[in-house]
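The values are calculated or read from the model by the stated rules, or taken from the named source; none is laboratory data. This one's a predicted model, so the numbers in the text were calculated from it and none came from an experiment. Cβ placement follows ideal geometry from the backbone for every residue including glycine, while neighbour counts extend to all protein chains displayed.
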Amino acid sequence: MHWMIAEDEIDIRNLVATMASVWGHTTVAFESGQKAWDFMDAVEAGTNQDPLPEFALMDIRMPGYTGDLVAERIRRTPGMESIPIVLMTAFALTEPERQAMIARTGVDKVIYKPLPEFTELKDLLHDVIDSKTNG
């Protein structure tokens, strides 16, 4: 499966990309919301030569466009509109804020940093993917 990862913290971005690779996935990683947005521009323009992501894992707060804005755009992009999307944040959201973000963006889950340990994170992300693709 091809994963899109957008995270401005280099250590987290590299860790998640490495984990995804260990789990058998390929990744395209972006260091900012702006870079992810530029990728979406290429997808919509038909100039992207890479495989389209089948899953997106993005930080909410990044330079340029935030992960929730990128998620909203993914939901409007033909060929990507129904992929599973998980947002990550280090900031505490109230339950009403979390639910409102999910409703507004169409993301499948919001998770909190620090991220769970390796096996728990794998199970959590694959559960989201499985429920979205098989549900």
>> I'd like to know if segment 88-103 contains one or more residues that are closer than 17 Å to V28 by Cα and out of contact with any strand residue (DSSP E or B) (no Cβ under 6 Å at 6 or more places or on another chain).
In response: no
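Going by what's in this entry, would I60 be described as touching a strand residue (DSSP E or B) at 6+ places or on another chain (Cβ under 7 Å), closer than 23 Å to S21 by Cα and surrounded by fewer than 18 Cβ atoms within 10 Å (Cβ to Cβ)?
Values: touching a strand residue (DSSP E or B) at 6+ places or on another chain (Cβ under 7 Å): yes; closer than 23 Å to S21 by Cα: yes; surrounded by fewer than 18 Cβ atoms within 10 Å (Cβ to Cβ): no.
In short, no.
Of everything in segment 83-115, what is among the polar types (S, T, N, Q) and either touching a Leu at 6+ places or on another chain (Cβ under 7 Å) or surrounded by 12 or more Cβ atoms within 10 Å (Cβ to Cβ) (or both)? Give them in sequence order. Reasoning before the result, please.
Taking segment 83-115 as the starting set, the residues that turn out to be among the polar types (S, T, N, Q) are 89, 94, 99, 105.
Selection gives T89, Q99, T105.
Among the residues that make up segment 108-119, is at least one of them of a type in the set (D, E) and in contact with a strand residue (DSSP E or B) (Cβ under 9 Å, 6 or more places away or on another chain)?
Start the filter on segment 108-119 by keeping residues that are of a type in the set (D, E), which leaves 108, 117.
If we keep only those that are in contact with a strand residue (DSSP E or B) (Cβ under 9 Å, 6 or more places away or on another chain) too, we end up with 108.
The answer is yes; a qualifying residue exists.
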>> So Q99 passes all but one of these: (1) more than 27 Å from N134 (Cα to Cα); (2) modelled with pLDDT of 95 or more; (3) more than 12 Å from the chain's Cα centre (by Cα). Which condition number does it fail?
In response: (1)
> Does T119 qualify as being more than 18 Å from M4 (Cβ to Cβ) and outside any loop (DSSP other than H, G, I, E, B)?
Replying inline: yes
>> Being hydrophobic (A, V, I, L, M, F, W, C), at pLDDT 95 or above, over 13 Å from the mean Cα position of the chain (by Cα) and under 18 Å from H2 (Cα atoms) is true for just one of L57, L87, L124. Which residue is that?
In response: L124
